[in-house]
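Have a look at the structure below before the remarks.
FYI, it's all coordinate maths here, none of it is from the lab. No experiment lies behind these values; they were computed from the predicted model shown. Here the Cβ positions follow ideal geometry from the backbone for every residue, glycine too, while neighbour counts run over all protein chains shown.
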């Protein structure tokens, strides 16, 4: 369980920044100033193309990344809570065994670190997506 939680936390930590980098390549982010400052009769094609793809006034790429981030965060959060529950059960069933109690405490620490990583990565990615879009 500890390995699984550690691997999952590492994957979430490594994949979350790549989602932010993927969002920065959107045409709206690259050509935002060009589209805003260009006269209506002389706008580049990229401006009309990206505006026609908007989902409720939002860049579709950022929208997809946002949904993917929320799904990954929910799955990681559920796994961290399950890790906390398993650690609590292991701690209760340790029956005073020091090695069992130590293992349960480590699982609690890893689960809490996983939750902290999820919250921090969600905040950072949300900030970056808001700046891009």
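Sticking with the crude label model, points 7 Å out along Cα→Cβ, report the distance from residue 124 to residue 75 in nm, one decimal please.
2.0 nm
Taking the Cβ of each residue in 117, 71, 81 as the centre, tally the other Cβ atoms inside 10 Å and list the residues starting with the fewest.
71, 81, 117
When a footprinting reagent is the concern and you count Cβ atoms within 10 Å, what order do 3, 105, 90 take, fewest first?
3, 105, 90
Hey, rough spin-label estimate for residue 116 and residue 68, points 7 angstrom out along Cα→Cβ, what's it come to in nanometres?
Label-label distance for residue 116 and residue 68, simple model: 2.8 nm.
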